[in-house]
Amino acid sequence: MHKRRTVVLVVMSALLTLGAGSMPGRATPAMPPAAPAPAPAPSERAAGVEGTTGKPVSVADVEAPSVVRDRAAAALADRLVDVWVTPDQASYVVGVHHLTAAETPALLRSLVRRAPVIVVDRPVSRMDLDVVADQVRRSVRLRDLPVQEIATDYESGVVLVSAGTHVSSVSTELGRATGITPRSAIDPVVMPAGVPTAALPTPQVVVTSAIDVEQESPSANPYRAGKYLAVGGARSNCTASFLVRKNGRHYGMTAGHCGRNGAVVRFAGRIRGTIQHNTLWARNPARTDAALFPLSSDASLFLFESTSRIRRVTGAYKRPDLVKNMWVCTRGAFSAAPSCGPITAVNVTTYSNIARRNVQTGFAWKKVTGPGTRSGDSGAPVYRVLANGNVWAVGVHRAGDGRGTSYFTPLQTILLETGAVLVY
């Protein structure tokens, strides 16, 4: 492996100090423009992840990722690779295809408003990686390959494929289809700015043995997001998610693979209605894995973390505001405690063994604190904790790989598909 250098510049906002950067010795500090917009109300700033110490306020709650992304898109057009946050939550990172040192100062002036920003060169463009990802998805579909997950990692320039015990055969087929020899691990793609195009790495395809397991499997409690739910005649075991409203009526939510439309839903030992508006079976491939069921007298705006901690849901994140390394939490009925960690991949496609189809538009995240997800946690709320103890909704848990990585469908996409709105 050849040693490579990176051009990295850091701009720190005068409005907010989030701690030391994560790239010592490679940063050039600068000040943002004068008279920045006011910071968000302190009561609605995220407090990082509860249960950890020393976590700074995240830049995602100082300035929305979608706002930073819009500025970057206006400045860079198709040279924008992606926007993510640093692992310590202290700064945004804007990946730029073919970044040069000469253009960096003006670019930073156009990007920085309230939150710190780092710009880095990415040798693989977003367009090129999307072409390869489309080839992989098409090959998996046409050849009916035994693939569990397909994720696009724009930061690394990699299409990640999980194939369980079929790594060798899937690698061979994808190599034929894409003309790219799949690898078993990610090679670094950090390159110095200004390297000629011919010398830059091409998109990579990485095939691993990770296996996603849709998680449903027993207990009973009163309706709050994060509690036990029984679905169907066989009483498949899942977890209740957020409260929504559709056509003037309140509905509970869970994962779509927990039961088809018409399956009976039992909560706290009582029949609450039947599964409706199931998005998993609505189309193939599915865009989301979710379902609604009607509630009557016990609709609740609250999320259950433990018998001593119940949190109020006060808002929701839009899909463009969910970025790599942003910390999220979940609490399933069977893991029975909150687990938290950073988003590790966006635009993730996973395979549903139950519905026998791909589920698109997902996100992956990696457990850092808590027990992680387990069988029975399907449908669990994915959320972030605010400084005032309330939570904002992020998505709905659908699967886990048994090794600390879990997958969720963004709530905003579910609401668009079902025509429902979050109640808070």
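Taking a point 7 Å from the Cα of V131 along the Cα-to-Cβ direction, the residues of the stretch 156-180 with backbone N closer than 14 Å to it are 178-180. Sorting 97-107, 282-292 by their mean Cβ neighbour count within 10 Å, with the most densely packed peptide first, gives 282-292, 97-107. The phi-based Karplus calculation (6.51 cos²θ - 1.76 cosθ + 1.60; θ = phi - 60°) puts the 3J(HN,Hα) values of the stretch 409-424 at 9, x, 4, 4, 5, 5, 4, 5, 6, 8, x, 9, 10, 6, 8, 7 Hz, whole numbers, x for Gly and Pro. According to the Cα-based calculation, Rg over Rh for the stretch 77-119 is 0.95, with Rh computed by the Kirkwood formula.
Under the 0.36 nm per residue contour assumption, what length would be gained going from the current alpha-carbon distance of K246 and N261 to full extension? Show your work: numbers first, answer last.
Values: separation 15, 0.36 × 15 = 5.40 nm, distance 1.62 nm.
Taking 0.36 nm per residue and subtracting the Cα distance, the gain is 3.8 nm.
As a rough footprinting exposure proxy, the listed residues I414, I118, I310 were ranked by other beta carbons within 10 Å of their own, and the order from fewest upward is I310, I118, I414. Couplings 3J(HN,Hα) for the stretch 147-160, derived from phi with the Karplus relation 6.51 cos²θ - 1.76 cosθ + 1.60 (θ = phi - 60°), are 10, 9, 8, 10, 10, 10, 9, 5, 4, 9, x, 10, 9, 9 Hz, where x marks Gly and Pro.
Which entries of K246/K318; K246/K324; K246/K367 have Cα-Cα distances beyond 29 Å here? Could the numbers behind the result be given before it?
Working: K246/K318 19 Å; K246/K324 31 Å; K246/K367 33 Å.
Table pairs above 29 Å Cα-Cα are K246/K324; K246/K367.
Karplus-derived 3J(HN,Hα) values for the stretch 276-284, using 6.51 cos²θ - 1.76 cosθ + 1.60 with θ = phi - 60°, are 9, 6, 6, 7, 5, 8, 6, 7, 9 Hz; glycine and proline are entered as x. The protection proxy used here, the mean number of other Cβ atoms lying within 10 Å of each residue, ranks peptides 59-65, 415-421 as follows, highest first: 59-65, 415-421.
When peptides 242-254, 400-412 are ranked by their average number of other Cβ atoms within 10 Å per residue, the highest-first order is 400-412, 242-254.
Would you mind computing the Rg to Rh ratio of the stretch 101-166 from its alpha-carbon coordinates, Kirkwood style for Rh?
Details: Rg = 17.3 Å, Rh = 14.5 Å.
Ratio value, two decimals: 1.19.
Model label points for S110 and T165, set 7 angstrom from Cα along the Cα-to-Cβ axis, are 5.3 nm apart. Using C-alpha pairs under 8 Å with a sequence gap of at least 6, the mean separation divided by the residue count of the stretch 361-424 gives a relative contact order of 34 percent.
Just so you know, all these numbers are worked out from the coordinates, no wet-lab data involved. Since this is a predicted model, take the numbers as computed values, not measurements. We place every Cβ from the backbone using ideal geometry, glycine too, and count neighbours over all the protein chains shown.
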